[in-house]
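Single-structure report; data block below.
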Amino acid sequence: MNNSKWLVLTMAAGLAAGGLIGFNSQAAEGDAPHAPMLARVLERVKEKLDLTDDQIAKIKAELKAEKDMLKNEVSKLHAAKIAVRTAIQASDATESSVRAASAKAAAAEVDLALELFKLHGKISPILTAEQRDKVKEFQGRIDGFIEGIINRVGEHLTE
């Protein structure tokens with residue numbers, strides 16, 4: 001899976017946890033080439049959800065408290081995905097070696113999912129019912145976008 005797809009999936013996971021909406025645009029304006037785009041997306045999400053200053057402050061506080069943990073878990077998942085790719089491409093690759101690397105990646109994904117679950121439990125109550133509905137609607141659009149990409153890739157592979 002390419003990096004841009006993982007970026008979209010990670011953003012979707014962050015949104016599912018309620019985390020995406022709380023990142024401030026200043027943090028998103030780092031050296032990464034995607035930072036300006038991400039900053040615009042985050043600002044738009046804040047605007048679409050009509051977050052109050054109090055909500056933004058509370059969400060930022062929750063995210064700040066979990067920043068290092070989230071970075072660590074996402075980094076572990078990324079490293080595990082690289083290990084899967086390396087196992088697949090190894091000259092001495094076996095089904096067993098690929099399964100072992102994949103199991104480690106699955107465990108890293110579960111660890112991240114559990115941390116996002118905890119974060120969701122802290123952030124979701126900050127949002128109103130209407131805002132939570134808007135988040136679900138946005139998640140549905142992200143799912144549709146990713147499904148469209150998957151379908152297009154499948155079509156190109158059969159050409």
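The values are calculated or read from the model by the stated rules, or taken from the named source; none is laboratory data. Keep in mind the model is a prediction, meaning the values are calculated, not measured. In this analysis, Cβ positions are derived from the backbone assuming ideal geometry, glycine residues included, and neighbour counts consider all displayed protein chains.
Based on what the data block shows, is Ala101 free of Cβ contacts under 8 Å to residues at least 40 places away in the same chain, in a helix (DSSP H, G or I) and over 16 Å from the mean Cα position of the chain (by Cα)? Break it down into steps so the answer makes sense when it comes.
Numbers: free of Cβ contacts under 8 Å to residues at least 40 places away in the same chain: yes; in a helix (DSSP H, G or I): yes; over 16 Å from the mean Cα position of the chain (by Cα): yes.
Against the criterion (free of Cβ contacts under 8 Å to residues at least 40 places away in the same chain, in a helix (DSSP H, G or I) and over 16 Å from the mean Cα position of the chain (by Cα)), Ala101 qualifies.
Condition test on Leu51, is it closer than 29 Å to Ala129 by Cα and either surrounded by 14 or more Cβ atoms within 10 Å (Cβ to Cβ) or modelled with pLDDT of 95 or more (or both)? Break it down into steps so the answer makes sense when it comes.
Working: closer than 29 Å to Ala129 by Cα: yes; either surrounded by 14 or more Cβ atoms within 10 Å (Cβ to Cβ) or modelled with pLDDT of 95 or more (or both): yes.
Yes; evaluated as a whole, the condition is true for this residue.
Taking the stated definitions as given, is Glu130 modelled with pLDDT of 95 or more and under 20 Å from Leu49 (Cα atoms)?
Values: modelled with pLDDT of 95 or more: yes; under 20 Å from Leu49 (Cα atoms): yes.
Answer is yes for this residue.
So is Ala93 out of contact with any Lys or Arg (no Cβ under 8 Å at 6 or more places or on another chain), surrounded by fewer than 17 Cβ atoms within 10 Å (Cβ to Cβ) and not in a helix (DSSP H, G or I) or not?
Considered against the rule, which asks whether it is out of contact with any Lys or Arg (no Cβ under 8 Å at 6 or more places or on another chain), surrounded by fewer than 17 Cβ atoms within 10 Å (Cβ to Cβ) and not in a helix (DSSP H, G or I), Ala93 comes out as yes.
Pick from the range 59-98 the residues that are over 20 Å from the mean Cα position of the chain (by Cα) and acidic (Asp, Glu): which of them is farthest from Gln131 (Cα to Cα)?
Asp92
Yes or no, residue by residue, for (1) touching a Leu at 6+ places or on another chain (Cβ under 6 Å); (2) part of a helix (DSSP H, G or I); (3) of a type in the set (Lys, Arg):
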site: Asp111; (1), (2), (3): no, yes, no
site: Glu115; (1), (2), (3): no, yes, no
site: Lys118; (1), (2), (3): no, yes, yes
site: Ser124; (1), (2), (3): no, yes, no
site: Gln131; (1), (2), (3): yes, yes, no
site: Val135; (1), (2), (3): no, yes, no
site: Phe138; (1), (2), (3): no, yes, no
site: Arg152; (1), (2), (3): no, yes, yes
site: Glu155; (1), (2), (3): no, yes, no
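State all residues of the range 54-90 that are crowded, with 16+ Cβ neighbours inside 10 Å, without any contact (Cβ under 8 Å) to a residue 60 or more places away in the chain and within 12 Å of Ala101 (Cα to Cα); if no residue qualifies, say none.
Leu77, Ala80, Ala83, Val84, Ala87
Give the residue that is farthest from Lys71 (Cα to Cα), with candidates limited to residues of the range 82-126 that are among the hydroxyl-bearing types (Ser, Thr, Tyr) and touching a helix residue (DSSP H, G or I) at 6+ places or on another chain (Cβ under 7 Å). Step through it out loud before you land on a result.
We begin by selecting, within the range 82-126, every residue among the hydroxyl-bearing types (Ser, Thr, Tyr); these are 86, 91, 94, 96-97, 102, 124.
Going one step further and asking which of them are touching a helix residue (DSSP H, G or I) at 6+ places or on another chain (Cβ under 7 Å), we end up with 97, 102, 124.
On the way: Ser97: 27, Ser102: 21, Ser124: 20 Å.
That would be Ser97.
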